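Only the coordinates and a few stated rules stand behind these numbers; no lab work does. Keep in mind the model is a prediction, meaning the values are calculated, not measured. Backbone-built Cβ (ideal geometry, glycine too); neighbour counts: all protein chains shown.
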Amino acid sequence: MKVDKNIEQGERVSLPTKYGHFEIIPFQENENKLEHIALVKGEFSSEDVVLTRIHSACATGDLFGSLRCDCGEQLIKAMELIEQEGKGLLVYLQQEGRGIGLMNKIKAYKLQEEGYDTVDANLHLGFRADERNYNIASQILDALHIRKVRLMTNNPDKILGMELAGIEVKKRIPLEIRQNKFNVDYLTTKQERMNHFLHHLKTAE
Ligand SMILES: Nc1nc2c(ncn2[C@@H]2O[C@H](COP(=O)(O)OP(=O)(O)OP(=O)(O)O)[C@@H](O)[C@H]2O)c(=O)[nH]1
Ligand SMILES: [Zn+2]
């Protein structure tokens, strides 16, 4: 089904998971053929303020349980919260490495092993700290008749990005994950340089 000139919507089928019972709907961008995923629970009307997670792909964290970042645990937590509420949406966007792709993210990791932080590594590679925008996310929400959300995120720029893309973010729902020794520097940089709301983060004195 063509839902927008830029994006095509696939079939909707049931997807029982370890974290709850959802439906999955694939979307594909027409121009670059990138595939994104909507995990849906319940039916929405345009007046609903839908519990929503916009999740950027992270192969290392989401697939392999990497402890270098908080992505994998955030993904599971978001699914659990949607299941608890009985209604909600998770959009899984092909925005690996904050939009720079896996090759470049791993280059950025290499630079981090040489002492750069996550922001400077991106800059050193010739990218902005964050190359994402949320236009495709907004088109997917449009297709699902969602205009207002309670957004599960710690990232102020994601809220701004969603609003710029035409979605009303009525509320932020924190999605903080316990730190570990491998991700504490990464989380600290997100807090200090990208202004993420990470109130439970304890940095070494
Ligand atoms: N460029 C780059 N991307 C990274 C790095 N670590 C994780 N990522 C990517 O960052 C994206 C997740 O962004 P984050 O900044 O961790 O979190 P966020 O999505 O902005 O914010 P939340 O909504 O709170 O999760 C995923 O696409 C990861 O692949 C890194 O060191 N460098
Ligand atoms: Zn990650």
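Of the trypsin sites (Lys or Arg not before Pro) found in segment 145-183, those in coil by DSSP whose Cβ has at most 15 other Cβ atoms within 10 Å are Arg178, Lys181. Label-to-label distance, Glu114 versus Lys33, with points set 7 angstrom from Cα along the beta-carbon direction: 3.4 nm.
So for Val40, Val149, fewest C-beta neighbours within 10 Å to most, what's the order? Working shown, then result.
Numbers: Val40 21, Val149 25.
So the ranking, lowest neighbour count to highest, is Val40, Val149.
With an a/c value of 1.5 or above and a/b not larger than b/c for the gyration tensor axes a ≥ b ≥ c computed over the alpha-carbon atoms, segment 97-205 is described as oblate.
Based on the Cα gyration tensor of the chain, what are the three equivalent ellipsoid semi-axes, each the root of five times an eigenvalue, rounded to whole Å and given largest first?
Working: eigenvalues 159, 74, 50 Å².
So the equivalent ellipsoid measures 28, 19, 16 Å along its semi-axes.
Pairs exceeding 27 Å between alpha-carbon atoms, taken from Lys87/Lys170; Lys87/Lys158; Lys77/Lys171; Lys5/Lys107; Lys77/Lys202: Lys5/Lys107.
Put in order of Cβ neighbour count within 10 Å, fewest first, the listed residues Asp70, Asp120 become Asp120, Asp70. The largest-to-smallest principal axis extents of the Cα set in segment 21-99 are 35, 33, 19 Å.
Would you work out if segment 1-62 is rounded, prolate or oblate? Take a ≥ b ≥ c from the square roots of the eigenvalues of the alpha-carbon gyration tensor; rounded if a/c is under 1.5, else prolate when a/b is larger than b/c, oblate otherwise.
On the way: a/c = 1.61, a/b = 1.13, b/c = 1.42.
Oblate is the answer for segment 1-62, as a/c is 1.5 or above yet b/c matches or exceeds a/b.
For GluC sites (Glu not before Pro), the sites in segment 25-120 that DSSP calls loop and that have at most 12 other Cβ atoms within 10 Å are Glu31, Glu43, Glu47, Glu114.
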